[in-house]
Structure formats: structure tokens, C-alpha cells
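The values are calculated or read from the model by the stated rules, or taken from the named source; none is laboratory data. Computed from a predicted structure; not experimentally measured. Positions of Cβ are generated from backbone atoms using ideal geometry, with glycine treated the same way; all protein chains shown enter the neighbour counts. Note: accessible area is taken over every heavy atom of the protein model, side chains too, but ligands, DNA and RNA are not part of it. Shrake-Rupley method; radii C 1.70, N 1.55, O 1.52, S 1.80 Å.
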Amino acid sequence: MDKMRLALVGCGGMGTRHLHGLKQLADSPFDAVELSAVCDISAANAEMAAAEAEKLLGVRPKVCTSMEAMVQQVPDLEAVDVVTDPSVHHTVVCEALDLGLHVLVEKPLAITVRACQRILDAAARNERIVSVAENFRRDPSARIVRHLIDSGAIGTPYMGMYHSLGAGNSIFITPWRHRRELGGFILDMAVHFTHMIRYQLGDFAEVYADARMVEPERQKSASMSMDYEFYKKRFAAMPERIPAAAEDTTQAIFRMENGATLNWIVGIAGHAGAHRELIMGTDGSIDGFGVRGGRITLARRDAAPLSQEDILASAEGAELSFDPLTRHLFPSGVSAGDPLVDLKLIAYELHEMAEAVRGQRTVEVDGRCGLKDVAALYAVFESWRAGGPVALSAVESCQSYAYQAEIDAALGID
Ligand SMILES: NC(=O)c1ccc[n+]([C@@H]2O[C@H](COP(=O)([O-])OP(=O)(O)OC[C@H]3O[C@@H](n4cnc5c(N)ncnc54)[C@H](O)[C@@H]3O)[C@@H](O)[C@H]2O)c1
């Protein structure tokens, strides 16, 4: 396949990881992407990314601080990989689409439902592809859960639990994750969760929720886990304390279109944590919805629980066939414990995009799907604001909109 000519737009923390994901792909028999340029409004970040790319891939990409200049420097550019902070996803993605480029964009598709709609309109207007880089669903654990549900291994799912509550008052990765209008923590992290719940259980119908900000101030954590130069530089420059201005704790009951209900407790604040993901069906249950580097188990009455390895070795597991790239990246079908899992899933997203641009497939998470994930997340806040249940259809059409209206007003999205 002729390689897709791609530019990275947004050369921060996750942008750096996307470069390492490209390296995973370049080292595989599925090498389908050529990195032509890197672009960031911060010239220093763009330069740092170009140096990292040269080290990893052996070729220095063009370095740009605007997309307009970039398309002049690389006239045969085909696509961009947008990894900016979420508050500018809509402006950057729409500009790229209007320049005639296809777009792979990190989750969330955009900062609000209205911003997502702008992207959908620009993609339709320009007849270009938009793909959302939702890495959790590409993990083998997620594929296995989906296969088990589809094959009836747990009967009819009737109830789910998604509890991801971490204690503490640390700054979560970056200060912008504690400001609503820049992409608060709950949006940034939990849009993965709304996506995964929809992937496994189908669409949401209605939600009744509570939200609150438990920690009015955030402190720099003692250390940082990522071993990339960019993360170290960003961590060194981080202030010791910041005021928080985004909710950090949510609780909700979702009713799904298929009649199942789901109990949600998501946040990072306070003095206690709770972590459990469970899908309960009439004939069994699955621990886990699937996640990057995750492990799932299957339980059925009168039988010992099956580990992920047991499931793969069972008759039901034998019916599951991973696609060739997943087989190559995760030959055992288990990503847990693989130190490269983050980068391999990015490699997968990039390869999928290249195949879609070459007309060989459609993308898995398109703009409409990305909008639904964002709407499901904001349904939590809209319900909290409304003081009662809200229908997902009302959030998707912006009839239920009071919470997001403040974000849109702050960002000039009308
Ligand atoms: N899928 C995952 O597991 C995962 C993990 C981390 C982050 N993310 C996502 O990646 C995105 C980036 O997060 P991050 O932590 O790397 O943020 P970051 O703040 O580290 O980096 C953002 C970069 O975008 C640049 N930028 C801002 N506006 C720009 C513009 N108009 N044009 C070009 N560049 C611009 C900034 O200068 C910065 O270099 C977010 O959408 C986030 O949700 C996803």
C-alpha cells in the first residue's frame, strides 16, 4: 500500500506518544504511514517533536506552527493526526477538513456536543474522513468482551457497573484538566468510559446524575510516571498548586436503549477510591468492559471463573478471530503487562486511518460515534444541572444544554 502522508498537529504529551506509536508501526510489516510534518503553535514543542521523530524514524519531518504554512510546505499531505488539547479540537479539525485533509483526532472528538457538530458539518461539506483515536476499544480485552456478549456467553445483559473513583487532590496530568472550558478531567478521562459502555452495551437512552467539585485546589504530584522528555519538561514547569474549576466527582444511573441499567461512579477526588467494572447478564457476568492493557474474566453459575487466557482457550474463544494487525501486535491475545501496549494501540489507530484513506475500509469510530460519546458524557452534567433525568436524544440535539452553554460561550462556539 502506498504510504499515507500524515502530519502530527499538537506536539504535547500525547503527541509525543503518537510519534512512538508511529515507530511501532514502522517496525512492523504493516508500515503504512509516512510522517511528513509536525505542527504546533508552540515552536519549541514542534521542534522537540521533530527531533524525537528523527530519532525514532530516521527522517526529520517539516516543522510548522500553522496548518496553512504546513500545506504549502507539504502540498501532497493527505491527513493530519490532531493531538491538541480538547478546547481547540473543533477549530483545528475544521481547519484541516477545510484544507482538504482527512483527520484522525484524539478523544474527545470535541469540547462540547455543539463543537462536535461543527466537525461533522465540516467533514460532510468537504467529503473527508474523521476518525476518533479511541484506544480502549482496540485492546484485545475489549474485543473479547464484545465477542462474548455477541455470542450470548452471558445471556442478555441487564445491568452494568462502571466505578472509576480515585482518591486524592493531585493535578491530573495537566492543569487544563481542571478547567471545564479547556476539557475538565471527567470529560478527558470518562469519555473513554461512555465510549466503552456504548461499545459493549449499545446506546444510552436516559440518565439521572449528580456531579460536584470536592477538591477546590489541586497540588502537583510528587512524581510523574511517564518517561518521555516532553512529560519531564512539562512536569518541571508545572505550578505547585492550582485552583480547580471543574467537577471532579460524578454519580449516575443510566438507562440503556436495550433496557439494561448502568450504575456509574467516576471521579478523582476525596478520601476513598472504588474501582469495579462489571457487566451482568441473565446467564453470566464479565468483569471489565475492556481497557488499554486490561484483563477481563467471565463468570457463570456453577463454574469456576475463566481468566482471559482460559476464555481464549475455550470453545467460545476459538470462535473469536482477531484481525491480522491485532494478532501481530498481541500474539497471545492478552495486552496486560505489555509495556508497549499504549504505543501499539496508537499504531493500530494510525494503520486503520491509512487503510480508510486508501479506500480499503471505513473507520471504526467516526464523527457521529464521537459525538454520541461526548453527548453521553455531558448528559451527566446536564442532568445534574437540570436536577432530574435527561434523555440522550435531548443532549445530542442540544435541547438539554445549560451546562455546555457556559463552555460554548467561553470559547465563542455558537
Ligand atoms: N487516548 C489516550 O489514552 C490519551 C491520553 C492522553 C491524552 N489524550 C488526548 O490527547 C490530547 C492531547 O492531550 P495532551 O495531554 O497531549 O495535551 P498537552 O497539553 O500535553 O498537549 C497539547 C499540545 O497541543 C498544542 N496546541 C494547542 N493548540 C494548538 C493549535 N491550535 N494548533 C497546534 N497545536 C496546538 C499545545 O501547544 C501542546 O503542545 C487530548 O485530546 C487528550 O484527551 C488521549
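Only one of these is crowded, with 19+ Cβ neighbours inside 10 Å, near the ligand (Cβ under 9 Å from one of its atoms) and free of Cβ contacts under 8 Å to residues at least 24 places away in the same chain: Val92, Val88. Name it.
Val88
List pairs: first in the stretch 50-78 and farther than 19 Å from Met14 by Cα and not assigned by TED's automatic domain parsing to the domain that holds Val33, second in a loop (DSSP other than H, G, I, E, B) and within 14 Å of the ligand (Cβ to nearest atom), Cβ under 7 Å, 6+ apart or cross-chain?
Filtered contacts from the stretch 50-78: no entries.
Testing Ser223 on (1) open to solvent by 60 Å² or more (accessible area, probe 1.4 Å); (2) not in a loop (DSSP other than H, G, I, E, B), one condition comes back false. Which one is that?
(2) is the only condition that Ser223 fails.
Looking at Leu8, is it open to solvent by less than 40 Å² (accessible area, probe 1.4 Å), in a strand (DSSP E or B) and assigned by TED's automatic domain parsing to the domain that holds Leu101?
Against the criterion (open to solvent by less than 40 Å² (accessible area, probe 1.4 Å), in a strand (DSSP E or B) and assigned by TED's automatic domain parsing to the domain that holds Leu101), Leu8 qualifies.
Which pairs do you get when a residue that is without any contact (Cβ under 8 Å) to a residue 24 or more places away in the chain, found in the stretch 269-298, comes within reach of a residue that is among the hydroxyl-bearing types (Ser, Thr, Tyr), reach meaning Cβ atoms under 8 angstrom, with the pair 6+ apart or on two chains?
Asp287/Thr297; Thr297/Ser307
Taking the conditions exactly as written (without any contact (Cβ under 8 Å) to a residue 24 or more places away in the chain, in a loop (DSSP other than H, G, I, E, B), among the small types (Gly, Ala, Ser) and in contact with an Asp or Glu (Cβ under 8 Å, 6 or more places away or on another chain)), does Ser400 satisfy them or not?
yes
Could you figure out which of (1) surrounded by fewer than 24 Cβ atoms within 10 Å (Cβ to Cβ); (2) more than 15 Å from the ligand (Cβ to nearest atom) isn't true of Glu47?
(2)
So which residues in the stretch 323-360 are among the small types (Gly, Ala, Ser) and either open to solvent by less than 20 Å² (accessible area, probe 1.4 Å) or in a helix (DSSP H, G or I) (or both), if there are any at all?
Gly333, Ser335, Ala347, Ala354, Ala356
Looking at Leu104, Leu77, Leu99, can you tell me which residue is under 14 Å from Ala37 (Cα atoms) and either in contact with a strand residue (DSSP E or B) (Cβ under 9 Å, 6 or more places away or on another chain) or away from the ligand (no atom under 13 Å from the Cβ) (or both)?
From the options Leu104, Leu77, Leu99, the qualifying one is Leu77.
Just name the residue that is surrounded by the most Cβ atoms within 10 Å (Cβ to Cβ) out of those in the stretch 279-295 that are under 20 Å from the mean Cα position of the chain (by Cα) and not charged (D, E, K, R).
Initial filter on the stretch 279-295 (under 20 Å from the mean Cα position of the chain (by Cα)): 288-295.
Narrowing further to those that are not charged (D, E, K, R): 288-291, 293-294.
On the way: Gly288: 21, Phe289: 27, Gly290: 24, Val291: 22, Gly293: 20, Gly294: 23.
This residue is Phe289.
Only residues that are touching a residue at least 40 places away in the same chain (Cβ under 8 Å) and touching a Lys or Arg at 6+ places or on another chain (Cβ under 7 Å): list them for the stretch 240-260, please.
Residues satisfying the conditions are Ile242, Ala244, Ala245, Ala246, Glu247, Thr249.
Name the pairs: first residue in the stretch 113-132 and in contact (Cβ under 8 Å) with a residue 40 or more places away in the chain and open to solvent by 10 Å² or more (accessible area, probe 1.4 Å), second residue in a helix (DSSP H, G or I) and hydroxyl-bearing (Ser, Thr, Tyr), Cβ to Cβ under 9 Å, at least 6 apart or on different chains?
As it stands, the answer is Arg118/Thr91, since those pairs meet every condition given.
Looking at the stretch 366-379 only, could you name the residues that are within 29 Å of Gly317 (Cβ to Cβ) and buried (at least 22 other Cβ atoms within 10 Å of the Cβ)?
Across the stretch 366-379, the qualifying residue is only Asp373.
Is there a residue being open to solvent by less than 20 Å² (accessible area, probe 1.4 Å), more than 14 Å from the ligand (Cβ to nearest atom) and either of a type outside the set (D, E, K, R) or outside the structural domain of Gly290 (by TED's automatic domain parsing) (or both) anywhere in the stretch 167-183?
no
Somewhere in the stretch 232-255, is a residue farther than 23 Å from Gly10 by Cβ, touching a Ser or Thr at 6+ places or on another chain (Cβ under 7 Å), assigned to a strand (DSSP E or B) and open to solvent by 50 Å² or more (accessible area, probe 1.4 Å)?
Yes: one or more hits.
Could you say whether any residue in the stretch 307-321 is part of a loop (DSSP other than H, G, I, E, B) and closer than 30 Å to Arg255 by Cβ?
Scanning the stretch 307-321 turns up at least one residue that is part of a loop (DSSP other than H, G, I, E, B) and closer than 30 Å to Arg255 by Cβ.
Return the pairs, sorted by first residue and then second, in which the second residue is part of a loop (DSSP other than H, G, I, E, B) and more than 16 Å from the ligand (Cβ to nearest atom), the first residue lies in the stretch 11-36 and is over 19 Å from Thr65 (Cβ atoms) and acidic (Asp, Glu), the beta carbons are less than 6 Å apart, and the residues are 6+ apart or on different chains.
Glu34/Lys3
For the stretch 50-69, give me each residue that is in a helix (DSSP H, G or I) and either near the ligand (Cβ under 10 Å from one of its atoms) or under 20 Å from the mean Cα position of the chain (by Cα) (or both).
Answer for the stretch 50-69, where residues must be in a helix (DSSP H, G or I) and either near the ligand (Cβ under 10 Å from one of its atoms) or under 20 Å from the mean Cα position of the chain (by Cα) (or both): just Met67.
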